[in-house]
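One structure is given below, encoded as structure tokens.
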Amino acid sequence: MATIAELQSYQRKASAHTRNTVVCSPFQLYIHPTDTFRFFNYAIPDAPVEVLTRDDLARLRVAFAKQGRMMRFEFIHEYTPRLRGLLEGLGVPLESETPLLVCTQETWHDVAGPQGLEILRLTADSPETYLAAQITVSSRGFGGDGREVNAERIADLRRRLRLGSGYYLALLDGAPVGVGAYMVPLEGFSELVGIATLPEYRRQGIAGAVTAAMARQLFDEGVRTAFLTAADDAASRVYQRAGFSRVGTGLAFCEE
């Protein structure tokens, strides 16, 4: 079983693979080259953080501002257990607290979706209509009204696909209804991200089927450990059906 330190190390390396990095000790900032969307930009600690002062926070705030981004942190609580209290003590709002789950080839289970479900693995050469649907379904699935789809966002999705990230689009009777993605596989690890279903198609097993399909593909290509963070305990049960089990907690803090 992978260690917490290995999972956190993977997140740093995978983030650096598709983002610009800015050193601001004891963190590195991972900045999307074109998109200011909050979930695409964040800091991860280089090592367990034992002390964080107001001066440290001020330096981090300036570093994010220079990049035109809001100050945001993502990390695994068990990797740096003091950091939560340090950020809370300095008044940085908690954005999310999510179950962290892992799966291996030995624990993986297939999950059957509803009849008529087709799960497409996108490539850098996929039709623009599929890439646009991936962006739109992802936005609506996470509570938005469908982020604007334009040439820049489609080009960026093709860029990430060429760099090794994986993106999937689920069609139900030909209509786009769900999405999922994974970060570039490195050293036997990959993180599943962005798993979402349109509100009107939930509770049909679509997210579980997409998750199982992505994990199966990763294991077939040599990944040893796939992991993800679920929105909450109820959502984590969807992933448990595919063989994922909880090992920790993902935390995000964000200053508006």
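The values are calculated or read from the model by the stated rules, or taken from the named source; none is laboratory data. This is a predicted model, so every value here is computed, not measured. Ideal geometry is used to build each Cβ from the backbone, glycine not excepted, and the neighbour counts take in all protein chains shown. What goes into the accessible areas is simple: the full protein's heavy atoms, side chains included, and nothing from ligands, DNA or RNA. Shrake-Rupley method; radii C 1.70, N 1.55, O 1.52, S 1.80 Å.
Dipole of segment 72-176 computed with +1 at Lys/Arg Cβ and -1 at Asp/Glu Cβ about the Cα centre; of Leu120, Ile135, Trp108, farthest Cα towards the positive end is Ile135.
What's the magnitude of the charge dipole for the chain around its Cα centre, counting Lys and Arg as +1 and Asp and Glu as -1 at the beta-carbon? Answer in Debye, nearest 20.
Working: 27 positive and 30 negative charges, 62 e Å.
I would put it at about 300 debye.
The Cα center of segment 94-165 and the Cα center of segment 171-205 differ in position by 5 Å.
Does anyone have the angle between helix 206-220 and the longest principal axis of the chain? Alpha-carbon axes, 0 to 90°, nearest 10? It works out to around 80 degrees. Accessible surface of Leu161, taken over heavy atoms with a 1.4 Å probe and every protein chain present, rounds to 20 Å².
Solvent-accessible area of segment 101-240 (1.4 angstrom probe, protein heavy atoms only): carbon and sulfur portion equals 47 percent.
Kindly provide the helix-only [θ] at 222 nm of the chain, computed as the sum of -39,500 (n - 2.57) over DSSP H runs of four or more divided by all residues, to the nearest 500 deg cm²/dmol? Intermediate values should be presented prior to the final figure.
Numbers: 7 runs with 84 residues, N = 256.
Helix contribution divided over all residues of the chain: -10000 deg cm²/dmol.
Other residues whose C-beta falls under 14 angstrom from the C-beta of Cys254 contribute a net charge of -1, scoring Lys and Arg +1 and Asp and Glu -1. Between amide H atoms placed 1.01 Å from N, distances below 5 Å from Cys24 occur with Leu29, all of them 5 or more places distant or on a separate chain. Taking Cβ atoms as reference points and 11 Å as the exclusive limit, the residues near Tyr167 contribute a net charge of +3, counting Lys and Arg as +1 and Asp and Glu as -1.
Charge dipole of segment 30-89 (Cα centre as origin; +1 on each Lys and Arg Cβ, -1 on each Asp and Glu Cβ, all else neutral): 280 debye, rounded to the nearest 20.
Average accessible surface for the chain: 45 Å² per residue, computed with a 1.4 Å probe over protein heavy atoms with every protein chain in place.
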